[in-house]
Amino acid sequence: MTSIGREGSESYAFGGFVLDCADERLWGPAGAVRIGNKAFRVLCALINNVGRLVTKDELFSTVWDGTAVSESVLTTVIKELRRA
């Protein structure tokens, strides 16, 4: 994974994709990739913590802002990211 763009930007290139966390855009080899808001926030959380384990509890607190949700919600979001 490579950080790209202007200094201080939040754009990352990985495996043919470019993720721009600041502009909330994901680009793939075929152009823009549509994913849901929660999936996008999970992806940004994982990219921003590359090289370190991100726990489910941490994702729940940052992505879902502490709202009580079941683990199946996270599983669904991860499946969405894998499909994208």
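The values are calculated or read from the model by the stated rules, or taken from the named source; none is laboratory data. The model shown is predicted, which means the values in this text are computed figures rather than measured ones. Using ideal geometry, Cβ is built from the backbone for each residue, glycine included, and neighbour counts are taken over all protein chains shown. The area values use the complete protein model at the heavy-atom level, side chains included, leaving out ligands, DNA and RNA. Shrake-Rupley method; radii C 1.70, N 1.55, O 1.52, S 1.80 Å.
Some notes on this structure:
- In segment 35-84, the trypsin sites (Lys or Arg not before Pro) that fall in loop regions by DSSP, at most 15 other Cβ within 10 Å: 52
- Annotation: per residue accessible area for the chain equals 66 Å², rounded to a whole number [probe 1.4 Å, protein chains only].
- Solution diffusion estimate, µm²/s, Stokes-Einstein, the chain, Kirkwood Rh from C-alpha pairs, 20 °C, viscosity 1.002 mPa s: 159 µm²/s
- Mean residue ellipticity, 222 nm, helices only, the chain: the sum of -39500 (n - 2.57) across DSSP H runs of n ≥ 4, divided by residue count and rounded to 500, is -12000 deg cm²/dmol.
- Taking the 1.4 Å solvent-accessible surface of the chain as the whole, the part contributed by carbon and sulfur is 51%.
- Under the span-like rule (Cα at least 30 Å along the axis, Kyte-Doolittle mean at least 1.6), DSSP H helices of the chain: none
- Taking a ≥ b ≥ c as the square roots of the eigenvalues of the alpha-carbon gyration tensor, segment 44-84 is classed oblate because a/c is 1.5 or more while a/b is no larger than b/c.
- Estimated FRET transfer efficiency when R0 is 22 angstrom, pair residue 46-residue 23 (beta carbons, to 0.05): 0.80
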